[in-house]
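A.B. asks: Got a structure for you, questions after.
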Amino acid sequence: MIKALVFDFDGTILDTETQHYNAFQEMYQEHGSDLPLEVWGECIGTHSEFNPYEYLERQINKKLDHDKLRAKKTERALTLISEQKPLPGIEDYLEAAKELGLKIGLASSSTRKWVEEHLGRSGLMHHFEVIKTADDVAHVKPDPALYIEAVKALGVQPNEAIAFEDSVNGSVAAKKAGLYCVAIPNPVTKHMTFSEVDHQMESIAEMKLTVLIEQAEKTDK
């Protein structure tokens, strides 16, 4: 029986992923280059060794001021993110979960400061009983630690929870932890192959929560 929902944050609740990519793409285009989605996509949902500033240098064969570029990119990304509202269907699911008496948690590879700042701005903070971030674990997604800690704090078993993810790294983490995983790719991750997930939709708004829960409970049997 499903007793809890656990949401990823970036790209799932708020489409920060696309805005980060757009900010980088603007920066690359200013230098006459391009950042392919296939390259950037590998970083999503985890901490990566990929350095977009070094990658740009290699593309244009020129040394750049990383600190200056990073500051400019961060400012632009934050401006774009501040204009974003929760993705379609998210608020409906949160309200429906509350009405059904489900517990609600969040598991994000980002920092607690980042997550809570944007949840607060979006007016969604009060929905979450448990928030687990990179600050709480030694290893982020695709390691399952974030999801293991989230369900433990919610007081449910992994097979009693549904995870919502936008990235392959996050989906792998959720499945390794034993949750039923729903993938909702965003514009930056839609080219990826989500082979690990139990269900995939273009938008969370396309299916009522009660129908999804019924589907998950049948799968568990």
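A.B. asks: With an 8 Å Cα cut-off and a minimum separation of 6 or more residues, compute the relative contact order for region 14-84 in percent. Intermediate results must be reported in sequence, preceding the final value.
C.D. replies: Values: 38 pairs, mean separation 34.6, N = 71.
Averaging sequence separation for qualifying contacts and normalising by length gives 49 percent for region 14-84.
A.B. asks: Of the residues Leu106, Leu154, Leu146, which exhibits the maximal mean-square fluctuation in a Gaussian network model of the chain defined by a 10 Å Cα contact cut-off?
C.D. replies: Checking each option, the largest mean-square fluctuation is seen for Leu154.
A.B. asks: Quick one: pull the percentage of alpha-carbon pairs in the chain with a separation above 25 Å.
C.D. replies: 38 percent
A.B. asks: Using a 1.4 Å probe on the protein chains only, how many percent of the accessible area of region 12-103 belongs to carbon and sulfur?
C.D. replies: The value for region 12-103 is 46 percent carbon and sulfur by accessible area.
A.B. asks: Mind scanning Lys85/Lys176; Lys68/Lys113; Lys62/Lys141; Lys72/Lys132; Lys63/Lys113; Lys72/Lys175 and naming the pairs with a C-alpha gap bigger than 27 Å? Please list the in-between numbers first.
C.D. replies: Working: Lys85/Lys176 30 Å; Lys68/Lys113 23 Å; Lys62/Lys141 33 Å; Lys72/Lys132 29 Å; Lys63/Lys113 32 Å; Lys72/Lys175 37 Å.
Those over the limit are Lys85/Lys176; Lys62/Lys141; Lys72/Lys132; Lys63/Lys113; Lys72/Lys175.
A.B. asks: Once the piece of chain linking Lys208 and Asp34 is laid out straight, how much longer is it, given 0.36 nm per residue of separation minus the C-alpha distance between them?
C.D. replies: Additional length available on full extension: 58.8 nm.
A.B. asks: Next question. Taking H as built 1.01 Å from N, whose amide H comes closer than 5 Å to the amide H of Asp15, not counting residues under 5 places away?
C.D. replies: Leu87
A.B. asks: Further question on the same structure: Given the DSSP H assignment, sum -39500 (n - 2.57) over each helix run of at least 4 residues in the chain and divide by its residue total; what's the result at 222 nm in deg cm²/dmol, nearest 500?
C.D. replies: -13500 deg cm²/dmol
A.B. asks: Rounded, prolate or oblate, given the Cα gyration tensor of region 169-221, with a/c below 1.5 counting as rounded?
C.D. replies: Oblate, because a/c is 1.5 or more while a/b does not exceed b/c.
A.B. asks: Against the longest alpha carbon principal axis of the chain, how many degrees, from 0 to 90 and to the nearest 10, is the axis of helix 66-82 turned?
C.D. replies: Compared with the principal axis, the helix lies near 40 degrees.
A.B. asks: Just subtract the alpha-carbon distance of Glu83 and Glu217 from 0.36 nm times their residue separation and send over the number in nm, one decimal.
C.D. replies: Stretched out fully, the Glu83 to Glu217 stretch lengthens by 44.6 nm.
A.B. asks: Roll a 1.4 Å probe over the protein chains and send me the accessible area per residue for region 168-221 in Å².
C.D. replies: Each residue of region 168-221 exposes 51 Å² on average to a 1.4 Å probe.
The values are calculated or read from the model by the stated rules, or taken from the named source; none is laboratory data. Computed from a prediction, not measured in an experiment: that's the story for all the values here. Surface areas here come from the heavy atoms of the whole protein model, side chains and all, with no ligands, DNA or RNA. Shrake-Rupley method; radii C 1.70, N 1.55, O 1.52, S 1.80 Å.
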